[in-house]
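The values are calculated or read from the model by the stated rules, or taken from the named source; none is laboratory data. For clarity, every value in this text was computed on a predicted model and none was experimentally measured. Glycine gets a Cβ as well: all are built from the backbone with ideal geometry, and neighbour counts include every protein chain shown.
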Amino acid sequence: MSCEVDLKAYVVGEVTRNERGVVEDHVRGCQSCREELDRLNLTRSMLASLEDEEIRAASPLCRTAYLSRAGGRLCGAPGR
Ligand SMILES: [Zn+2]
C-alpha cells in the first residue's frame, strides 16, 4: 500500500501551503503515514543536532561569526 503524499518534502518544508494542507489532512486519517512522519521528524531533528556539532567543531572564528548572527548563513550554517 502506498500513499500519494510526499512526507519528506513536507518535513523539510518544500511544499506549498496547499500541499501542506493535503499532507496534514492525509496523516490525520492514515496511521502509517503518521508513523512515517514521526520517524522523518525524528531523523530531521537528529540531523539538525548533527549540524550543531559541526558548528561547534568549526574553527573558533567561524563559530563566533555564526553565533553572533543567529540564523545567519556563514560557514555553511543551516538557515531557516
Ligand atoms: Zn498514508
Return the residue satisfying two criteria in turn: it lies in region 1-32 and is aliphatic (A, V, I, L, M) and part of a loop (DSSP other than H, G, I, E, B), and of such residues it is nearest to Arg44 (Cα to Cα). Val12
Hey, among Leu40, Leu67, which residue is at pLDDT 75 or above and assigned to a helix (DSSP H, G or I)? Leu40
Restricting attention to region 20-60, report how many residues are hydrophobic (A, V, I, L, M, F, W, C), within 15 Å of the ligand (Cβ to nearest atom) and within 14 Å of the chain's Cα centre (by Cα). 2
